[in-house]
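To keep things clear, I will list the structure first and then write my remarks on it.
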Amino acid sequence: MGGWLSIIVLLATPSAKQVRKVPASRAAVEAPAPQAANFSVSVNPATVTFAAADPDSPLVAGSAATTVYWTASGTLLRTWNLGLSSAASTFTNCPTVPVSAVTVTCTSASGGGGLSSASCSGSTPLSTSLTQVASGTQGYGSRNYSVTLTYTLTDQWKYIARTSPPCTLSITYNAVVN
């Protein structure tokens with residue numbers, strides 16, 4: 001029997017003046033306050049869905065890659081980090097599906113050119129702890145950054161999903177420029 005698992009995306013805000021938060025219904029996870037100029041973060045798409053039709057499948061890919069974008073201004077060669085976390089240890093409406101069953105992989109990271117840099121941190125299981133997925137250095141002036149992430153779900157017989165109400169999970173993204 002198949003089920004749908006959704007990841008609903010939230011954006012973290014270490015400080016209301018530093019990051020513009022996308023409206024969401026759940027509280028964001030607190031993180032260290034950034035020390036750089038103002039910037040805003042956006043995520044597209046805001047929802048990733050898993051169609052887990054066969055529990056014998058070892059992995060189920062999310063419906064779309066998620067790209068996190070932001071523009072930051074500041075001084076040359078400041079370090080930036082993008083992290084993410086889950087607000088809960090299991091999916092809402094599906095308490096047998098742990099967040100660790102979802103792996104997030106940074107597939108690309110790009111910086112704003114010039115002396116900017118960007119790199120992926122690799123694959124990691126989701127956690128309630130803030131986990132770095134990409135990092136780099138900031139060039140001088142206003143620069144655009146993007147990080148593309150894919151999500152996969154370990155689809156096993158021990159995870160019982162529901163179709164109604166759907167299983168959901170809120171993810172918090174946190175971009176910090178030091």
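The values are calculated or read from the model by the stated rules, or taken from the named source; none is laboratory data. The structure presented is a predicted model; accordingly, all values stated were derived computationally and were not measured. With ideal geometry, Cβ positions are generated from the backbone for all residues, glycine too; neighbour counts draw on all protein chains shown.
Pairs meeting the criteria (first residue in region 37-61 and modelled with pLDDT under 70, second residue basic (Lys, Arg), beta carbons under 7 Å, at least 6 apart or on different chains) are Asn38/Lys17; Ser40/Arg20. Among the residues that make up region 149-162, is at least one of them touching a Phe, Trp or Tyr at 6+ places or on another chain (Cβ under 7 Å) and outside any strand (DSSP E or B)? Within region 149-162, none of the residues are touching a Phe, Trp or Tyr at 6+ places or on another chain (Cβ under 7 Å) and outside any strand (DSSP E or B).
Here is the figure for region 90-127: residues that are within 15 Å of the chain's Cα centre (by Cα), surrounded by 15 or more Cβ atoms within 10 Å (Cβ to Cβ) and part of a loop (DSSP other than H, G, I, E, B) total 3.
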